[in-house]
1. Just to check your reading of the model, which residue among VAL35, VAL90, VAL28 is within 16 Å of the chain's Cα centre (by Cα), at pLDDT 95 or above and within 27 Å of ALA129 (Cβ to Cβ)?
2. Does MET9 satisfy being under 23 Å from GLY102 (Cα atoms) and not polar (S, T, N, Q)?
3. Can you find a residue that is at pLDDT 80 or above, in a strand (DSSP E or B) and among the hydrophobic types (A, V, I, L, M, F, W, C) anywhere in segment 124-145?
4. Which of (1) open to solvent by 40 Å² or more (accessible area, probe 1.4 Å); (2) in contact with a helix residue (DSSP H, G or I) (Cβ under 8 Å, 6 or more places away or on another chain); (3) closer than 18 Å to ASN14 by Cβ is the odd one out, the single condition ILE92 does not satisfy?
5. For segment 106-123: of the residues being of a type outside the set (S, T, N, Q) and assigned to a helix (DSSP H, G or I), which is farthest from the chain's Cα centre (by Cα)?
6. Can TYR112 be described as among the aromatic types (Phe, Trp, Tyr), within 13 Å of VAL35 (Cβ to Cβ), modelled with pLDDT of 90 or more and surrounded by fewer than 15 Cβ atoms within 10 Å (Cβ to Cβ)?
7. Quick one: in segment 1-59, which of the residues that are closer than 21 Å to LYS119 by Cα and aromatic (Phe, Trp, Tyr) is least open to solvent (accessible area, probe 1.4 Å)?
8. So is ARG66 buried (at least 16 other Cβ atoms within 10 Å of the Cβ), closer than 19 Å to ASN14 by Cα and among the basic types (Lys, Arg) or not?
Amino acid sequence: MSAVIDKSMVQDINLNVLRRVDSDIEQVLGTAAHVCLYAMTMDNPVWERKNIEGSLFLLKRRTSPRFQLAVLNKLSTENYTETIHGAFDVEISSPYLMYTLGDGMVHGIWFYDEQELDKIASLLNRVKAGLPKPDVHPVSLQGEMASASAASADDGAFWDKQVPAAAPPAAAPPDH
């Protein structure tokens, strides 16, 4: 006897699991069964695989932030979330969805199923189209933009804040 699982039943199970992590999740807008995350800095343009792999969900929440990407991580107990906002810059290079947050990092999400990539990318673009654009551009563009845009009102959003420079790594302790 083969078990047939109704698609709506799977969606309900996923929503219940996600609500255990975040009770403010209102709706799952899209899913991808398997993704892996990568990152690269502009200073060293080499992709590095993150310790994050699993199912991806595009979420709508009751509270701020209203939209997020979440990956239920199969490799560790730390799940991954990324807030979607008007300055969330996305590019598709199949089978990757790449994005930047203006912090000098390029993030890449590898999709096992390219149809899921297309669906998530389409949903992300629809969500982004309905979000307000920030008055201040991400950090990577702030130096290029006139300070006039930086003089806009503070709306409390994180993407219009300058990211502090990382402190240089401490010297390794001497061997004894």
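1. Numbers: VAL90 fails: at pLDDT 95 or above; VAL28 fails: at pLDDT 95 or above.
One residue alone meets the criteria, VAL35.
2. Values: under 23 Å from GLY102 (Cα atoms): no; not polar (S, T, N, Q): yes.
Considered against the rule, which asks whether it is under 23 Å from GLY102 (Cα atoms) and not polar (S, T, N, Q), MET9 comes out as no.
3. Within segment 124-145, none of the residues are at pLDDT 80 or above, in a strand (DSSP E or B) and among the hydrophobic types (A, V, I, L, M, F, W, C).
4. (3)
5. In the first step, residues of segment 106-123 are kept if they are of a type outside the set (S, T, N, Q); the result is 106-114, 116-121, 123.
From what is left, the residues that are assigned to a helix (DSSP H, G or I) are 114, 116-121, 123.
Details: GLU114: 18, GLU116: 16, LEU117: 14, ASP118: 16, LYS119: 16, ILE120: 12, ALA121: 12, LEU123: 13 Å.
So the residue we want is GLU114.
6. So TYR112 passes the test.
7. Across segment 1-59, the extreme among qualifying residues is PHE57.
8. Considered against the rule, which asks whether it is buried (at least 16 other Cβ atoms within 10 Å of the Cβ), closer than 19 Å to ASN14 by Cα and among the basic types (Lys, Arg), ARG66 comes out as yes.
The values are calculated or read from the model by the stated rules, or taken from the named source; none is laboratory data. As the structure is a prediction and not an experimental result, all values here were calculated from the model. Cβ sites come from the backbone with ideal geometry, for glycine too, and all protein chains shown count toward neighbours. When the accessible area is computed, the model is the full protein with side chains, heavy atoms only, and any ligands, DNA or RNA have been set aside. Shrake-Rupley method; radii C 1.70, N 1.55, O 1.52, S 1.80 Å.
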